[in-house]
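Structure record follows, encoded as structure tokens.
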Amino acid sequence: MKHGMHLTINGEPYELLVEPYCSLLDLLRDELHLTGTKRGCDEGDCGACTVLIQGKTATSCMMLALDAKDKEVVTVEGLARGDKLHPVQDAFVQYGGVQCGYCTPGLIMSAVGLLRENPAPTEEDVRYGIGGNLCRCTGYAKVIQAILKAAEAMRTA
Amino acid sequence: MPEERVLGRNYPRVDAADKVSGRSQYAGDVYLPGMLICKVLKSARSHARILRIDTSQAERLPGVRAVITGRDIPDVRFGSGAVRDRRVFALEKVRYVGEPLAAVAAVDEITAQEALDLIQIEYADLPAITDPIDALKPDAPLVHEDLPRYEGYAAGMGGNVCTVLDSGRGEVDRAFAQAEHVFEDTFRSQGINQGYLEPMACVASTDPSGRINVWTSTQGPYQVRGALAAVLQLPMSRFRIIPMELGGGFGAKLRLCLEPYPVLLALKTGKPVKFVATREEVFTLSGFRLPTTIYLKTGVMQDGTIIAREAISIFDMGAYLGAGVQSGVSHTIGPYNIPNYRVRSYAVYTNKIWAGSYRASGVADVTFAVESHTDIIARKLGMDPWEFRMRNALKEGDTAIQGGRVPRNGLQQTLEAVKERMQWPRTSEPGHGVGLALCQWRSGSGPSSASLTINEDGTVILLTGSVDITGTDTVLAQIAAAALGVDMHQVVIAKRDTDVAPFTGPSGGSRITYSQGKAVELAAEDTKRKLIALAAERLEAPAEALACGGGRVYAKEAPERGFSLGQLARMSLTSKAGPIQGTASLSAMPYAPVFNTQAAEVTVDRETGAVKIVRFVQAQDVGVAINPMAVEGQIEGGAVQGIGRALSEEVVIRDGRILNPSLTTYLMPLAPDMPAIENVLVEVPTEEGPFGARAVAEPPGFGPPAAIANAIADAVGVRLKELPLSPEKILCALRGEPLEEITLDLELLRALRGAGGSIQWAGSG
Amino acid sequence: MNRFEYLEAGTLPEAIALLGQHEETRIVAGATDVLVRWRQGLWKPQYVLNIKRIPGLEHVSYTPDTGLSLGSLVSIRTLELHPLIREHYPALTQAATAFAGVQIRNLATVGGNVCNASPAGDTLPALLAYGAECRLVGPAGERLVPLEFFLLGPGRTALQPAELLAELRLPPQPPDTGALYIKHSARSAMDISAVGVAAVVSLAGKDGVCGEVKIALGAVAPTVIRARSAEALLRGQRLDAERLQQAAQAAMENSSPIDDIRGTAQHRRAIVASLAKRTVSYAMQMAQGTSFPFRTQRALAVEASFEEGKGA
């Protein structure tokens, strides 16, 4: 049986009817076609589905969509301001932190969440902070560099 | 020179902005009106006759639109290589757990799953064979009883031997007799999954005109097109394959994957059908690397010169021909100049999913064996392992393993660079150690074509059929820009599919920069010739007096006399030759080896067996780094894949069943455990590659297992010959408990008749 | 993958009532397990009951007299970051930092980890070593059950029908107490532990004699267990290398691990011995006043830093 729910995604309000077994990830992708958030494993092991809920990172594949009722969700589509990329997005572009791109939205959301809580992370803090995000292409080297550069840019802005 | 403005610059990937914004479209991001969801029913048995498939209940379930099995399609076999041993659906028997039996299309995923649960299968179990060494015995159950009748079957195969390859040179037995020392070791590599983040995905939809559109996650759209046409017995022209953004493949998506299922269901229902694999199906529906056993025997002289090698490699091939057996003959010599050798490689059928491709399939396994063996020999001779490698390493002018001459290369520079960076040799503290590995590969070849058009405003459209997996779109654009003498931002890469772009081989085997890049360079040269010809006509000057650069064609002696590319494009519309388009095609590129040296510094915890990589240094000859940032990204990522293979990854299969088809229990490297990777890019340009570039992407994954095993031996004195190098194995070795000895019946293996199978040195893998 | 129904409770009494009314109901708090196991076909609930919106179950409070009170909905991330927990119950902080990844720590709850009763649950050794008690609420009222009697076996707890875990209470620790949790797993994040050991050591007086010691072993028995014979060897004793070795041996004998994908029983026993020595040794140093910054504690907890000759 579907249940009605209200939530906000990237600042936009939504009124929806949702099945109990629909995950937040299913809702974003299959119902709303916000396909920026990726499905890598549906088990919480890869972090590709990471979004922000009330400002904190969460693996959306594990969450019941209904559990996001009345909450504020931010996905990768909600980071840029028009044409202007978020400093984390920009740093990933400039410093080679993107290869195949499939882990990228989830990684960027984790980085945004990390920098919100810790604006001046050490390299070690970044490594642990993205410990829940799997990347098979980059070996993490340039991802970490990008996040540190983004942190620097955000501190001086 | 104009190329200097573009070559060697760290342009961000042309697709990066879309990827960081979530705008890039992967196959799973395609949603079409009326789209149905496809799920595939997989065999629950590893070896069994199929007595009955009853789909009637599934067909009647509300929300189910179609159910298909092998009975509904032409009985056509296809294959990953020469032998056509496989079908889209299992027909008279299943040969591995997971083999597809049926597919359904339903209105949503949960209905499709319910439908699968309603399909009834009756099996009659057959004895299963899961150990490739047992599979070689004369009385082993046969995975393919009809093997001799398969298309592509080569004489000499038989029983469960899928392929046998032999290679040799010189007089091996005499050399062993002359050798002052002979060493023998046997090594084992584990099952490895490619681990791409994006599970296989495909959407198929038919047009009213009868064309079949296939949006798919693939490295080889033309290969998919050809295979679909063959397997479904439809003309190739019915298919338009649209390769979507690829979320990793590493070889798993080189050929036909799961496209037949949504295609067949789209044909049957008239609706778009989507198939997206689950992560479990990344293990159970798509082949990955299976274990390998490698025996090496080497004869050396007291001064450290290697004079003889024998090798026997057993590749567990699973139930159908996959990839990797070639590396048992191409790489068991290693990057060394060995005048006498005899190497043989077996691919053996077993009742498991087939051994799929992964970033130079088999070479990492063989390199683990060879580079561990190299260290063992050096240490036993009392020689420095670096000196031993330098003494025996291939040099320019030596005979390459496939015949022909080793051209100029940077192997020695890579050894020197790592020696310097690691301050080799040094005495380490207890529990610390350093280990080396020297690796080789070749730059990929294969059919490649590209075309360029100049727009009336001087911008350039590059049409390349290659799928971008390693950043090649950016590099190809740099090549085109450099060759035409325009700025990078003037080049646009066309969106393409198999209707629109000219044929090219799949993206794999390290071939796109070297071969497709060459085609792009040549297409740019062709374009330049036509631009110059038109300008020469209008300027009434000979072509040799003109140059192309800075976005213009101009007279060398009087640069102010000339035209911009835009002007020429506009002029061409009314010229005799018509609109300007440059094209190029090639099918083979000369041998251009790639060498790298890697070194790992580790600490080993003697109480827990935990290994930490403290430093990782690598030097690779990249020819010319067209985009250094992209090159580094490739070799960093490859090294970390190799570290995963060394320390934590293993697909565990018991009785044909995968015990860990999940990222919870298949453990790939995460950021907190990785060292900083230090890279040295050595540049010794190739003769023929675009602006001297070499292949880059595959070699960095080969060396880490041996480098780390050698470092562990250096640190705590234990020698592990089986991957992964787990804490448990290390603790057993430290306790002096005999590790399971890997034994091969060498007499049997030497005696089995070789097939004289042909060895392909070019091509993908 | 059955089509289950969704229920939501706004208060504890409502939750209890709904549990009583509906058969085969799974409680969902962080929801880090329900959908995953449902997709795997392992769980087929008729209903899921979301208790995450019940107010008053997310508190963290501490007094030196009453100790720590944790609402069952306190997230693992809160365990990792909360200053009161870092200061007074650091093994819980260390366990939290070794738990999965940040995204999952934001969702997962300590009550969920306890009620899942996995033999390898990361918070369980620290909770057991600190002497945690479970406050349960149900149709018959409230009751307090010590954690070691609450966990009955893999996936089994002492929860009666329509009962919920509302709170965890950890008694105040003596002054001069140190604690360390070490998790043995292949990677520093995301893994289920192959072995997890927590030691809480309190000094008896100032002369380096061990007063109270609790050692809890995870992933090496059907539930988390106390290594009581190891504890007995150390209680009231001065810690030296020989005694630590004996205690490590005893801890090993207290454990009963199995072979599984994460390791063989033989390997796990060896690791128990090593981790028992190390956790006790570091806990002792902390009890004696050595302070390790969070970064060091984190590195020790996930085995990312261990220097031979120090600690054990």
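The values are calculated or read from the model by the stated rules, or taken from the named source; none is laboratory data. These numbers come from a predicted model, not from an experiment. Heads up, the Cβs are rebuilt from the backbone with ideal geometry, glycines too, and the neighbour counts pull from every protein chain shown.
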### Query
Just one of B:VAL343, B:VAL348, B:VAL329, B:VAL418 is part of a helix (DSSP H, G or I) and within 30 Å of B:GLY79 (Cα to Cα); which is it?
B:VAL329
### Task
Report, by residue number, each residue of the range B:127-138 that is out of contact with any Pro (no Cβ under 8 Å at 6 or more places or on another chain), under 18 Å from B:TRP354 (Cα atoms) and not in a helix (DSSP H, G or I).
B:THR130, B:ASP131, B:LEU136
### Task
Could you look through the range B:645-679, keep only residues that are more than 30 Å from C:LEU300 (Cβ to Cβ) and either surrounded by fewer than 19 Cβ atoms within 10 Å (Cβ to Cβ) or free of Cβ contacts under 8 Å to residues at least 24 places away in the same chain (or both), and pick out the one that is nearest to the other protein chains (Cβ to nearest Cβ)?
B:LEU659
### Query
Can you tell me which residues in the range B:605-632 are within 30 Å of B:VAL718 (Cβ to Cβ) and polar (S, T, N, Q)?
B:THR608, B:GLN618, B:GLN620
### Task
Sort through C:ILE225, C:ILE215, C:ILE182 and tell me the only one that's within 19 Å of the chain's Cα centre (by Cα), more than 14 Å from chain A (Cβ to nearest Cβ), of a type outside the set (Gly, Ala, Ser) and under 26 Å from C:VAL102 (Cβ atoms).
C:ILE182
### Query
Mind checking which residues of the range B:350-373 are touching a Pro at 6+ places or on another chain (Cβ under 8 Å) and within 23 Å of B:LEU659 (Cβ to Cβ)?
B:THR350, B:ALA364, B:PHE368
### Residue satisfying all of: in the range C:29-62; within 21 Å of the chain's Cα centre (by Cα) and within 12 Å of C:VAL74 (Cα to Cα); farthest from the other protein chains (Cβ to nearest Cβ) among these
C:SER61
### Task
Could you tell me whether the range C:24-43 includes any residue that is touching a Phe, Trp or Tyr at 6+ places or on another chain (Cβ under 7 Å) and more than 20 Å from C:VAL114 (Cα to Cα)?
no
#### Entry: Residue among B:VAL604, B:VAL611, B:VAL617, B:VAL640 that alone is hydrophobic (A, V, I, L, M, F, W, C) and more than 11 Å from every other protein chain (Cβ to nearest Cβ)
B:VAL617
### Message
Take A:GLU117 and tell me if it is out of contact with any His (no Cβ under 6 Å at 6 or more places or on another chain), touching a residue at least 12 places away in the same chain (Cβ under 8 Å) and not hydroxyl-bearing (Ser, Thr, Tyr).
### Response
no
### Query
Limited to the range A:42-69, what total is found for residues that are of a type in the set (S, T, N, Q) and more than 7 Å from every other protein chain (Cβ to nearest Cβ)?
2
### Message
If a residue must be touching a residue at least 60 places away in the same chain (Cβ under 8 Å) and in contact with a helix residue (DSSP H, G or I) (Cβ under 8 Å, 6 or more places away or on another chain), how many such residues does the range B:395-415 contain?
### Response
3
### Query
Among the listed residues A:GLU72, A:GLU124, which satisfies the condition of being surrounded by fewer than 23 Cβ atoms within 10 Å (Cβ to Cβ), more than 12 Å from chain C (Cβ to nearest Cβ) and among the acidic types (Asp, Glu)?
A:GLU72
### Message
With the requirement that a residue be part of a loop (DSSP other than H, G, I, E, B) and surrounded by fewer than 24 Cβ atoms within 10 Å (Cβ to Cβ), what does the range B:161-193 give you?
### Response
B:GLY170, B:GLU171, B:ALA179, B:GLU180, B:GLN190
### Task
Kindly state which strands (runs of 3 or more DSSP E) lie completely within the range B:523-613 and contain at least 3 residues that are under 30 Å from B:ARG645 (Cβ atoms), modelled with pLDDT of 95 or more and in the same structural domain as B:VAL406 (by TED's automatic domain parsing).
B:593-604
### Query
List the pairs whose first member sits in the range A:129-157 and is touching a residue at least 24 places away in the same chain (Cβ under 8 Å), whose second member is part of a loop (DSSP other than H, G, I, E, B) and among the polar types (S, T, N, Q), and whose Cβ atoms are under 7 Å apart, counting only residues at least 6 apart or on separate chains?
A:CYS137/A:GLN99; A:THR138/A:GLN99
### Message
For the range A:104-114, give me each residue that is without any contact (Cβ under 8 Å) to a residue 60 or more places away in the chain and either surrounded by fewer than 21 Cβ atoms within 10 Å (Cβ to Cβ) or at the interface with chain C (Cβ under 8 Å from one of its Cβ atoms) (or both).
### Response
A:LEU114
### Query
Just wondering, is there one or more residues in the range C:256-273 that are over 21 Å from C:GLY178 (Cβ atoms), more than 13 Å from chain B (Cβ to nearest Cβ) and either surrounded by 23 or more Cβ atoms within 10 Å (Cβ to Cβ) or without any contact (Cβ under 8 Å) to a residue 12 or more places away in the chain (or both)?
yes
### Query
Of all residues in the range A:8-21, how many are assigned to a strand (DSSP E or B), touching a strand residue (DSSP E or B) at 6+ places or on another chain (Cβ under 7 Å) and either within 14 Å of chain C (Cβ to nearest Cβ) or of a type in the set (Asp, Glu) (or both)?
4
### Query
Is it fair to say A:ALA58 is buried (at least 21 other Cβ atoms within 10 Å of the Cβ), in a strand (DSSP E or B), outside the structural domain of A:CYS100 (by TED's automatic domain parsing) and modelled with pLDDT of 95 or more?
yes
#### Entry: Any hit, the range B:415-424, residues being more than 29 Å from B:MET244 (Cβ to Cβ) and within 14 Å of another protein chain (Cβ to nearest Cβ)
no
### Query
How many residues are touching a residue at least 24 places away in the same chain (Cβ under 8 Å) and surrounded by 17 or more Cβ atoms within 10 Å (Cβ to Cβ) if we restrict to the range C:26-58?
18
### Task
Assess whether B:LYS253 counts as being assigned to a helix (DSSP H, G or I), charged (D, E, K, R) and outside the structural domain of B:ILE376 (by TED's automatic domain parsing).
no
### Message
Quick check on this structure: which one of B:LYS274, B:LYS268 is touching a residue at least 40 places away in the same chain (Cβ under 8 Å), charged (D, E, K, R) and in contact with a Cys (Cβ under 8 Å, 6 or more places away or on another chain)?
### Response
B:LYS274
